[in-house]
Structures are given as C-alpha cells and as structure tokens.
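Colleague: I'd like to ask you about the structure that follows.
The values are calculated or read from the model by the stated rules, or taken from the named source; none is laboratory data. This structure is a prediction, so every number in the text was calculated from the model and none was measured. Cβ placement follows ideal geometry from the backbone for every residue including glycine, while neighbour counts extend to all protein chains displayed. All accessible areas refer to the heavy atoms of the entire protein, side chains included, with ligands and DNA or RNA removed. Shrake-Rupley method; radii C 1.70, N 1.55, O 1.52, S 1.80 Å.
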There are 2 protein chains.
Amino acid sequence: MSSLDAVLQSVKPVAIISHDATNSPAAWREAVEAHPSTPKSFELIKVLVYKPKTAKTATPQPLVIIARESTEIQANLIAKKLGLKEARLASEDLLTEFFSLDKNSLTPLALNESNFSKTTPVIETAITNSDSVYGVHALSSSETIFLTGKDIYAYLLRFEAEGANLQDLNFEAIKAEAEAGAAANPKAAPAEKAKDDAKIEGAVQIAIGIKKEVDFAGWYTNVLIKAEMLDYYNVSGCYILRPWSYSIWEIIQDWFNEKIRAMGVQNAYFPMFVSSKVLEREKDHIEGFSPEVAWVTRAGNSDLEEPIAIRPTSETVMYPYYAKWIKSHRDLPVKLNQWNSVVRWEFKNPQPFLRTREFLWQEGHTAHLTQPEADTEVREILELYRRVYEELLAVPVIPGVKSEKEKFAGGLYTTTVEGFVSTTGRGIQGATSHCLGQNFSRPEMFNIFVEDPNDPTGQGKTYVWQNSWGLSTRVIGVMVMTHGDNQGLVLPPRVACVQVVIVPCGITAKTSDDARKAINDMCEQLADSLKKVGIKAKADLREGYTPGFKFNDWEQKGVPLRLEIGPADLAKQQTLSVRRDTGVKAPLPLADITTTVPQLLDTIQVDMFRRAKETYDSRIKEITRWEDVVSTLDDKCVVVLPWCEEESCEDDIKERSGRAAEPQDERAPSAGAKSLCIPFDQSRWTPIEPGKTKCPACGKDAKRWTMFGRSY
Amino acid sequence: MSSLDAVLQSVKPVAIISHDATNSPAAWREAVEAHPSTPKSFELIKVLVYKPKTAKTATPQPLVIIARESTEIQANLIAKKLGLKEARLASEDLLTEFFSLDKNSLTPLALNESNFSKTTPVIETAITNSDSVYGVHALSSSETIFLTGKDIYAYLLRFEAEGANLQDLNFEAIKAEAEAGAAANPKAAPAEKAKDDAKIEGAVQIAIGIKKEVDFAGWYTNVLIKAEMLDYYNVSGCYILRPWSYSIWEIIQDWFNEKIRAMGVQNAYFPMFVSSKVLEREKDHIEGFSPEVAWVTRAGNSDLEEPIAIRPTSETVMYPYYAKWIKSHRDLPVKLNQWNSVVRWEFKNPQPFLRTREFLWQEGHTAHLTQPEADTEVREILELYRRVYEELLAVPVIPGVKSEKEKFAGGLYTTTVEGFVSTTGRGIQGATSHCLGQNFSRPEMFNIFVEDPNDPTGQGKTYVWQNSWGLSTRVIGVMVMTHGDNQGLVLPPRVACVQVVIVPCGITAKTSDDARKAINDMCEQLADSLKKVGIKAKADLREGYTPGFKFNDWEQKGVPLRLEIGPADLAKQQTLSVRRDTGVKAPLPLADITTTVPQLLDTIQVDMFRRAKETYDSRIKEITRWEDVVSTLDDKCVVVLPWCEEESCEDDIKERSGRAAEPQDERAPSAGAKSLCIPFDQSRWTPIEPGKTKCPACGKDAKRWTMFGRSY
C-alpha cells in the first residue's frame, strides 16, 4: 500500500515533478530548483532515521525525524526528550527493512499503516500547522511532490492508533533549552551527551570527568569550560572567549604583528558592514559565502532601505578602495592586515573555536605588481602560519597546496598548513594563504590596475596581483585537541599566560604562623625572581583551598610547570617541580632557579612538539593500493596517495571512502576522505615515476603525493 | 483661508486627535503615541523650513521640506539639487511671516493658496504615492491629524500654478549619490560644503585647500582624507581607518593594556550579538540605546526566529555571565576589558571619529566587593584616560564628574575627561569611567551577589559593585581638531607612526651619480641610527618626486620632524631640522643626532600640549552673572558657573543659552549649553561660600563650580 498511487489518493499535491535521481540533499535541491514546474516558494523536508540504543535482543524501533531542511537536528537532544537512549543514524539495512527505501528517497510518505506503529515518528511543529509548500521525495529520489505542511501532517495523522502517536516537537526550542542549560550550568550540557562509559570513575567535581579517548566531543567541551577558556553564550554558535584563551590569541597577535610589520604590512580597520549591492557584485563571480551571510535589516524601529550584510570576509569591503588608492605602480605593493571578527551564520552544528558563527581572525590583503612578488609573499605568510602552529602552539602541521576542488573559489591557488587530530584521526585545515591572481583585479570585478611601468608606450595596463591570507582562533581549538589529556588542558609554555604556578605545601593546623609566613614569602619571592627573568610566574597563596585542590585546578587549566614549596623544601632551599605534560617530578635547587626553570620550560615546549609530531608522522600512511585506503582511514590515519590531481577522481575518492552505514558524527561532517593538501615536501615518500606510478583511485598517471583524510 | 476648517473641507482624515501642546519632535511623538485614538501604524511628518542665501535686497523664498520624521535631511544637498545656495534653518520670524505658525506647529497643511507660490516646496517621494498613514500637526502643536500620503500629496498639488511646482525628491538617493561621490572622489564632497571664502588661494592640489578657521567641518574632512587617516565608505556613517590613523590606535592600545594589566585587568572577547530577550531586559530599566540598535533578522535566505541585536555596548552581553562566574567573594574582583567595535545606528549627521555608526573602543567591566574599591578604580581609570589625552595625544582635558542629567543613565555616577575644540568653542566629552553602583547587580537586573564575608551569620548577601569604562577612537578626532592646521595634520611625536622623515635635497640633473648616492646613503644611515635609539624614522628616497612635493606630503600627514640633507649639509656633516608644529628650522650636527633628535621630539610633544592647554585655559571663563553667559559662549568659550546642581536649572540653562534664530549646525547638534562636568579640581576658581554664593541661572545656593558649554 505504500506505492505513490496509494499515497496520491489521500493527499492533494501542489505539484509533482520528475528529475534526475539525486544522491545528496544539495543535488536534490539543485534538481528541484532547476525544474520549471517547481513552485516559486517552497522548503524541502528531510527525514532522518535513528536507531536508539536498546537491549540487543529487543526489536529496534527507529526514531523517524521529519523536519525542514534548514532545521538543525540534534538527535540526541530529541531522543532524550522522548526518553530514548543514544540515537545513532540508522544503517541502510534498517531503512530497507522498514521503508523499502534508501536514504536518498526517504520521505514522510514512506510512513504507512504497516510501519507507522513500529517507529517513533516525530515531526517539527513548524510544519504541522503550515500552509507553506514543502517538497518531499515521492518515494523515489527522482520525483518530488509538493504539499502543504497541513497536508503532510494530515497524511501522517491517519496512521495514529493506540500507542502509535505522532509527536510534534519544536526542535529549535529543544536546542535553545539545552543551550540555556549549558550556559546556566556548564556541567550539565556535556554530561548529557557523554556516553556512560566515557565518564571517568571517581572523577572529582573539578576534574574533567570524561575520557578523551571515549567521548572526544564531550571531553573537548568539558576541558574548555573547566579550564575557563570559554563559556557558552545564549546566541547559538557564539562563545565567550575568557581571558585564559584570549591571552593565547594576544600572544599570537603580538608575535604575528612583529613578523608582518617587518614584511611591510600595515594594520588597518575596515567597516564590518557591506552593502548588499557590493556583496552581490562578488556573488555573481564567487560561490561560497552568501548562504551564510547575516543581514541587518532594521535599526531601532526603522527598516533599512536596503539590507546590509555583516562581513563574512573582507574582499568586497576592501577592494573597491584598493582600486581607488592604487593609482600608479609606485603605490605598490599595498599590504594591509586587520584583526577583526567575521560572521558566517552556518547551520551546521557549531563547535567551539572550530566552527563558530562569529570568530576572530586576521585577514591580510595585499596587491603586487607582479606574480613572482605575490607568490613569494604567499609562501612567506604560510611559513609564519607554520611557525605559529609549530613554534608557539607546539602543534605539527604539513604545509602544502590545496587541490583545485578545495582551493578558495575566487583565487588562483591556495596554500595551507594542515593539522591532525590524532584522537579522531581527522585532518584539520590550519590556516590558508591564497594567491588570488588577477581574479579580483580584472575589469569586470574590482578593476584594480596601474600603468605598466615596463611598457615603453606607456599605454599598457597591468592588473595587480593579489593575495589574501587568514589565521583564526581555530588555532586554539586545535592546540587544545592536540595536547589536552584526561586531567584537562595542557598549555605549551610559549602561549601560557601563567607558565609557572608556585603552590605552598605542607601547611597544617599545627604549622606556626612564622613557618607559614616563611613558606608563603618564599613562594612570592620565587615568583618575583622568575618574573624578573621574563617568566610568567604566579604564587597561588589563596587561603581556604588545599594544595590538592590547587594542583587539580592548575592542572585542569594546563599550567606547564608547578613548583611546590613545603617546610622541607624551605630547609633544603629547593622546590619540587612537576611537569604538566609528563607529570615528571624533580627537585630544583633554588640557587639557580632562574636558569633551570626557563630551560625546563624550553624542554617542555620542545617535548610537546616532538611527541605531537611523532604521532602525526606515524599516522600519515603512504598508500599505493586502493584496497588499503578505507582500512587505513578507519585506523585513524590519513593516507598519502600518488595522485592524478583530477577533480572527478577526488569526488570519487570521497564517495568511495565514506562509511555510509556507520553513524555520522555531525561534528565531523566529512565521513568521506577529501584531499587535505599536496605537501610541498614530496621527498618523504617514494619518488613518483612519471608515466609509471599510477593513481590508486583511478589508475591514471600519478602527479604528486597528496594527503587525503577524513577531516573537520 | 488656512484655518483647520478650510483644510478639512478638502482632505479625508483617518483620525484627528487633541493632546497637550508639544515643543519638540520627541514630545509630539510621545503625546501622539499615548492617545487612544491614534492609528496603530503611522509615521510622523516633519516640515523643515530653510532660507537659501540670496542677495540682501531680494525677497527671501523659503525652502520647505516635507519628509518622514525618520528621514535624515541634508538640506545643503537638497538645496544644491534645486540650484539654491547655502540653505540655513529659517528664523522664527520668517516662519511667522510666511505661515503664521511657530516651528512646533509646522505642517504641510500650512501651505495654501496664498503662500505656496512664494516658497520652494519639496516633498519626499516616498510619501507622495503612499497609502500609509502619516501624522501632521493640525495647524497647532496640540492637535494631530492623520492622513494617507496620497491625500497629503493631493492636498498640496492643488496649489500648483504656473511657476509654482511641488518638487518631489528621493532624499535618500540624493544622500547616497553625494556619498558615492565622496567615496569615489573625496575632494568633491567637502568642496561641495566648503564656503567659497574658506578655500585657500593658490592651494596646490595636495594641500588642504580649506581654512580651518572658516569652514571647520570642510577642513576637518579634508585633513583626514588627505593625511590618509580615513576614507569614506559606501555604508553611511561607517569609515575606513587607514594605517595612518589605526597605528595611533595601536599605540594607545599598547600603552593602555600595559597600565590596566598592572591593575589586574584581563582582556577577553564577548560575542557581538545580543538576543532580543536579553537586550530587552535592559530596556525595561534603562533608556538609551534601543532606538539605535542594529538588528540582524536574516541569515542567508532564512529569517531568524528572533531578531538578534548587534551590541551597542556590552553590559547586557556580559553581566549574565558575571552572575554565573561570581560565586564567592573570593572570585572578586572581576576585571575584564575588551577591545572591540560596537554599533549605534544614529540618524544624526555622522562625523568621522566623533559620531560613527560602527566605532572601535575598549570597554572595561569590573565587579567589586565594596564601594570604596569601585570608587578607587573609577578614578584610576579616569586618570589613565587623562594621560592618554594629555601625555600621548598632547590634548588637554578637564577631569570631573557629570551632572545627574548627563551621567550614564544606568549608573550611579559618571566621571569624565572633557576636551575642548577651540576653533568652534565647543566642549567634547573625551572618555567616561562610570560607577554603576549596584544598579546592574541587584536581583531584578542581573542578580550578581556573593555571600557577605563580613556577615557573622553567613546568611547575608552582598550585591557586587560594578564599574564600566570606555575610550573610543573619538580620541583621534579630537587630536586632529586640536593640533591640525592649514597645512594639514600635526601629530604629537608619541603617537606618530613616523616621527622623523628624512628627505634628500639639492639633487639636480647636474648632480653626479656619486654625489646623489652619497646623499641618499646618508639619509638611510641617519634613519638607521635613529631607529636604533627607538625613533620611528623613515628616509623618503622615492624617485620622481621633488623635495617640495615630499615636504608637502609629509606636512599634510603631520610628521613631527623633517630632516633635510643636501650636498652642503653632507659637507658640513649636519642636517636641517624642520618642526611640523612651529615650522622652526635649525641645523643639527650629525655627530650627536641620536641625542638631539629624541630631545627635540620631547620638546615638540611638550610644546604642543602647552599651547593647547594655554588655549583651553584661556577659554574657560569664570562667570557669576547670567548676563555674561551667552556672550561668553558666543565668544567660543566655555563658562564655569557656581552651580546649584539641580536638573531643572540645567534644562533651563540649555534653553536660555540656545540661539534659536541662528543656523543650527547639524554636526554640532547642541546649540544650547549643557553641563560638561563638575571639575574635580575646584581650586582654580574663587571659593564658593556656602549659602552665600548663588547660582547665576536660578539664584539658588551654589554648590560647585561647573563647566557649561556648547558641545559635540
């Protein structure tokens, strides 16, 4: 009875259209939008099926979520609301079993008399009472049927029976509720998501409480909140950067400013607003940001005559003025940078530091007379980015160039430093330095030219060569993921705003006031002498807290080195040093403390980088047979392939390396492998023999070794 | 024939209401909104009457502008469009003469058969064809009549006759056109406004071209653009801060960060968005920002479920989290600061640096256990603000406390440093440091409390004492206005990003290559040796520009000191120094240049401050008789009065010191004097004798000497 004809007997469609079979939401939307009979205004409906955790012997009862395409689904929150446990995306088998459909054809119309009562169907409230038009799959990925929300609701309601109710829920409200809860009580939110077995047994209240290896996402959030790096905010996708993380950003700013000033780059500030006209000038030429642009349409109680965008990036903000300012080759190069925040209203699940709707970054925008100059700068900046990661944050990265598919859409080529999160085995783009070529300066774009100084006739025009490059607060997230452990944050000394904490120990009720004072004074003196040699030291003399509490507190916050001073230490004129990264304890004589501590901090910095690099290196696998790709990815590695560099092959690799039946982690959206970069240093792998070495994915001639991986 | 009855014969009102007589647009709006018969949706209509410049013997023909209340009127642009000269707001006499009405009763209905053809009537296009309802005065300030736009238009059209046409114009488009012109060609915009006699005769293309003393607004804009401090941007009220001004801000940031860090303040970053709910929490309690808030209502193509505001300031962003973080008195004090941009969508005429829709600032927000702690910090911060002005920018300010009327509406008291623009004789608020008291921490606001550590029962709650304090890029505008001259910008050495420019001179076509090289090399060497002693020096070795061009160029940009090196200087091992502030030239031996140049820069800094302070001091007049107030203000001075400190008296002073019949300068909106501050240092004026010294405005007992002035 679930044939389309049967369905059509009971609903009055606004329209039905046929199109090519589609295998993704984006393809579906494209196909529908291209069809002449599609209603002018509509939204697509998505159907997501989850399998809640049940006893192994129980028959699974799938959770079927019917929602507007644009609605962010947090299945675990919904499941929790319904009293279900751990909802995981259903396998294709389950879909076939229940609905005789694959995931590309799923539709509310797949629910019928025979399967309705075997599922837990949920519909988004907004749909149920709506006269708006919604597109749903007509039981096939190549047909779409348009119905009003009310009709969809009515269609489903008829299958209700005793014990088989259609739930309607406001998913936005559920999400807001959870976030409000998280904001009000940071301990609750991650705990909600934390798997039971991820909880660290006996974890005391201030410890992290979730194991990094088991529930990475829960661990990450907990570390950030407990280390006071960040707090949740009541606007979704926005976070508060507390001093403990912002100070890291300031250290990076100071370092980077010094380096770029030496290159002749000047800082400036351009407005955060872009008029719709100017933004649309780019839209015609460059895909990308427009679906994520936040629009200001009202000021006070007045509607603006034209909506004004908040910058998602500043090419269109800046380049009209470059055209005005650059009058002669003598005005070149122009090298401006700004530290600002940009807004990209993504609807994907936000992730602190990695994907946020507002984020802090620097964006450099330069204009040059010649390509070689531009090329040189692109690599100089990339080298600075590498150093920010490796020298400041102790996070190893691989510099390389992006594939055509992955480059910045408006540019000529994109260089990148690629990081790696070993716990999940995923790559993560660290920062990018783009050569835009003359794509933005050409007459139909921003028309930025000078008279060619090398043209003897004096008539020739040269369109300028442009670069843009950016590094965001994402670096902080990568650093936390790389170094953090089950005690909390681990900060590399160079970016720690407290490098050494000094804790008085061994003070008991019996300790005399004099002895107590002597210990506290020694802690203060020690802090002072370290400060004098440029070490960020702090004596923690807080009253009313035990040394154990303080140890935990500073461990959680990742302070690289702890020095303990008790009565015995005082007597021996020494201090016990405890490394945060290794836990190694060693007494240090106070006499030469201003030499030994800086050295120890250097050692910690070097060791942290070395260990992270060993891990990364060990997880980059040289692969030449396709059969080894997926299993290597599944082993939480990235693969490096001798690659043909063709876009169709990249699409194919992504498709074939996806794990369709496995749960999709919404926070790590790309389950298929994409190209991460073509490393500049090709020498670490077996030389490619031109015409002989073949691409393992398609069999064509390989060009360069290219890293592929699942990624953030 | 202009009685209301006559009017009512020809229009069909939607409603007519009576209310109290009103004497301002705000009061009118309030009266109308309070009336039960007012239509739900309406806009008020304003009528502005200007007198264009004509020959003295000619009969004036007023320009009558009919527009929606929310429309920003730039009368000069409109006048220009109509071929009229210099439109100034008409005097009350002129209004009475033409319309038998005062300015509070002006209405389109005042136009009739007898006066229509004697005026130049203009109506905003948006009104003419609109079915929306508009409120207009019913020939009196105590009656309002509601008509559709079409009806208003029809009413007016009947008076058209040969040579007496009603013009309809799109005022937004005229403004946008002018701004586009300004953005495309910065020279055009100020020139438009510049009075003919302000142009400096024989001014070459790169010089300022407008005299500071004659057309101050035109001069200011020109200086900013030609010094490359700033550029106009195509979103009204937003400006580009180019490196030449942004570097000043960076110097201020570095200095201020160092000082506040020493006070235990930490930097952080809070999101730029505020949910409408949270913002409205403040709205109930505090007047102020809501008419100027920019609202994001859309992301990509999706409407947000709730509009989200862009912060106009961050009290409501931050304090909910203070409530969460502050659990115990041990968590106090909390001292956070952020450097960010805020948005206040003002509809008044924008002015670069002084009044912009987005501006950069720092905002500090602190919480303390006790009022004395809070009080102390308020003054410490104010002292830092004074030093930013006086020590860095060489701009004198007067520290004091604001009157009740002028304080931050949500706070307990506001301290301020008040500056002075001598060219216009107006005061300008420099920066403010507020004690918020417990107004934001109390239970019905943000509920920020700790257990009172001094309460023996352990039950008592103490609501925290809060401060907030901010300094914005406005400081740069005040600095430019204070020191700039008819050659352009004059930078105090401490904030100049180039302190010394070295220009090779005396090179002619006959100069040998060796001699040329020797001179250029010496310039480079000189720059290098100065850089080594921490001086920001630059050798201008650009080819193809004459020394004269370079002199002009750097003078315009305000570089404090120029050093010239020609063949004769080289021979004598000396350089000719030229001070930007005084033009004084003096040879300096190269031998001790690394001592003499830093000393000379210090002298320049001190001299600039001393001169500006002498001017300010000479313009603060101790006044004890009311008769002297207005004439002193008219002499471009501020007055200091022995004041009663009563709000009604302040209102009265403002009212009585306004110059109603004189042209209102839209950029300096307050023509009446308001209180600037009650200076902390009362000792410079004759001691007030309690009970004896009387307030010259109202005759009551004087409390403290208080500065009043016209202001920005």
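Colleague: Inspect the stretch A:373-391 for any residue being free of Cβ contacts under 8 Å to residues at least 24 places away in the same chain, surrounded by fewer than 21 Cβ atoms within 10 Å (Cβ to Cβ) and closer than 26 Å to A:Ile448 by Cα and give the result as yes or no.
Modeller: Yes - at least one qualifying residue is present in the stretch A:373-391.
Colleague: Still on this structure, please answer the following. Could you pull out the residue among A:Leu526, A:Leu541, A:Leu600 that is touching a strand residue (DSSP E or B) at 6+ places or on another chain (Cβ under 6 Å) and either at positive phi or modelled with pLDDT of 95 or more (or both)? If you could, list the steps in order and put the result at the bottom.
Modeller: Details: A:Leu541 fails: touching a strand residue (DSSP E or B) at 6+ places or on another chain (Cβ under 6 Å); A:Leu600 fails: touching a strand residue (DSSP E or B) at 6+ places or on another chain (Cβ under 6 Å).
Testing whether each residue is touching a strand residue (DSSP E or B) at 6+ places or on another chain (Cβ under 6 Å) and either at positive phi or modelled with pLDDT of 95 or more (or both) leaves just A:Leu526.
Colleague: If the requirement is being in contact with a His (Cβ under 6 Å, 6 or more places away or on another chain), among the hydrophobic types (A, V, I, L, M, F, W, C) and closer than 20 Å to B:Asp151 by Cα, which of these qualifies: B:Ile17, B:Ile127, B:Ile45, B:Ile123?
Modeller: Details: B:Ile127 fails: in contact with a His (Cβ under 6 Å, 6 or more places away or on another chain); B:Ile45 fails: in contact with a His (Cβ under 6 Å, 6 or more places away or on another chain); B:Ile123 fails: in contact with a His (Cβ under 6 Å, 6 or more places away or on another chain).
After applying the criteria, what remains is B:Ile17.
Colleague: Turning to a different aspect of this structure: Considering only the stretch B:36-58, state which residues are over 28 Å from the mean Cα position of the chain (by Cα), free of Cβ contacts under 8 Å to residues at least 60 places away in the same chain and surrounded by 13 or more Cβ atoms within 10 Å (Cβ to Cβ).
Modeller: Of everything in the stretch B:36-58, just one residue is over 28 Å from the mean Cα position of the chain (by Cα), free of Cβ contacts under 8 Å to residues at least 60 places away in the same chain and surrounded by 13 or more Cβ atoms within 10 Å (Cβ to Cβ), namely B:Thr54.
Colleague: Could we say that B:Gln362 is closer than 19 Å to B:Lys324 by Cβ, modelled with pLDDT of 95 or more and surrounded by 18 or more Cβ atoms within 10 Å (Cβ to Cβ) here? Explain how you work it out, then say what you get.
Modeller: Values: closer than 19 Å to B:Lys324 by Cβ: no; modelled with pLDDT of 95 or more: yes; surrounded by 18 or more Cβ atoms within 10 Å (Cβ to Cβ): yes.
So B:Gln362 fails the test.
Colleague: Something else now. Condition first: among the hydrophobic types (A, V, I, L, M, F, W, C) and open to solvent by less than 20 Å² (accessible area, probe 1.4 Å). Now tell me which residues in the stretch B:462-476 satisfy that.
Modeller: Let us first name the residues in the stretch B:462-476 that are among the hydrophobic types (A, V, I, L, M, F, W, C), namely B:464-465, B:469, B:471, B:475-476.
Listed by number, the residues that qualify are B:Val464, B:Trp469, B:Leu471, B:Val475, B:Ile476.
Colleague: Could I ask something else about it? Scan the stretch A:296-334 for residues that are free of Cβ contacts under 8 Å to residues at least 24 places away in the same chain, of a type outside the set (Val, Ile, Thr) and within 21 Å of B:Arg311 (Cβ to Cβ) and report the count.
Modeller: Total satisfying the criteria: 7.
Colleague: Follow-up question, since we're still on this one. Filter the strands (runs of 3 or more DSSP E) completely within the stretch A:529-619 down to those with at least 1 residues that are open to solvent by 70 Å² or more (accessible area, probe 1.4 Å) and touching a residue at least 12 places away in the same chain (Cβ under 8 Å). First the steps, then the outcome.
Modeller: Working: elements: A:537-539, A:561-565, A:574-579, A:585-589.
Of the strands (runs of 3 or more DSSP E) lying wholly inside the stretch A:529-619, those with at least 1 residues that are open to solvent by 70 Å² or more (accessible area, probe 1.4 Å) and touching a residue at least 12 places away in the same chain (Cβ under 8 Å) span A:537-539, A:585-589.
Colleague: Of the residues B:Glu250, B:Glu258, B:Glu280, only one is acidic (Asp, Glu) and facing chain A (nearest Cβ under 8 Å); which?
Modeller: Details: B:Glu258 fails: facing chain A (nearest Cβ under 8 Å); B:Glu280 fails: facing chain A (nearest Cβ under 8 Å).
None of the others qualify; the one that does is B:Glu250.
Colleague: Which residue is farthest from B:Leu601 (Cα to Cα), if the candidates are limited to the stretch B:444-493 and must be in contact with a Phe, Trp or Tyr (Cβ under 9 Å, 6 or more places away or on another chain) and of a type in the set (D, E, K, R)?
Modeller: B:Lys461
The rows are residues; the columns are (1) open to solvent by 20 Å² or more (accessible area, probe 1.4 Å); (2) farther than 14 Å from B:His137 by Cβ; (3) polar (S, T, N, Q).
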site: B:Val11; (1), (2), (3): no, no, no
site: B:Gln61; (1), (2), (3): yes, yes, yes
site: B:Ile66; (1), (2), (3): no, no, no
site: B:Ile73; (1), (2), (3): no, yes, no
site: B:Ala90; (1), (2), (3): no, yes, no
site: B:Leu94; (1), (2), (3): no, yes, no
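Colleague: Being at pLDDT 85 or above and charged (D, E, K, R) is the requirement here; does B:Lys195 meet it? Explain how you work it out, then say what you get.
Modeller: On the way: at pLDDT 85 or above: no; charged (D, E, K, R): yes.
Spelling it out, it is not the case that B:Lys195 is at pLDDT 85 or above and charged (D, E, K, R).
Colleague: Those residues that are under 28 Å from B:Val293 (Cβ atoms) and open to solvent by 20 Å² or more (accessible area, probe 1.4 Å), I need them from the stretch B:253-265; list them, please.
Modeller: Selection gives B:Gln253 alone.
Colleague: Could you check B:Lys517 against (1) in a helix (DSSP H, G or I); (2) touching a helix residue (DSSP H, G or I) at 6+ places or on another chain (Cβ under 8 Å) and say which number it fails?
Modeller: (2)
Colleague: For residues that are within 7 Å of chain B (Cβ to nearest Cβ) and more than 30 Å from A:Pro492 (Cα to Cα), scanning just the stretch A:261-277, find the one that is modelled with the lowest pLDDT. Give the steps one after another, and end with the answer.
Modeller: Going through the stretch A:261-277, the residues within 7 Å of chain B (Cβ to nearest Cβ) turn out to be A:266-273, A:275.
Add one more test, that the residue is more than 30 Å from A:Pro492 (Cα to Cα), and what stays is A:268-273, A:275.
Numbers: A:Ala268: 98, A:Tyr269: 98, A:Phe270: 98, A:Pro271: 98, A:Met272: 98, A:Phe273: 97, A:Ser275: 90.
Only one residue tops the list, namely A:Ser275.
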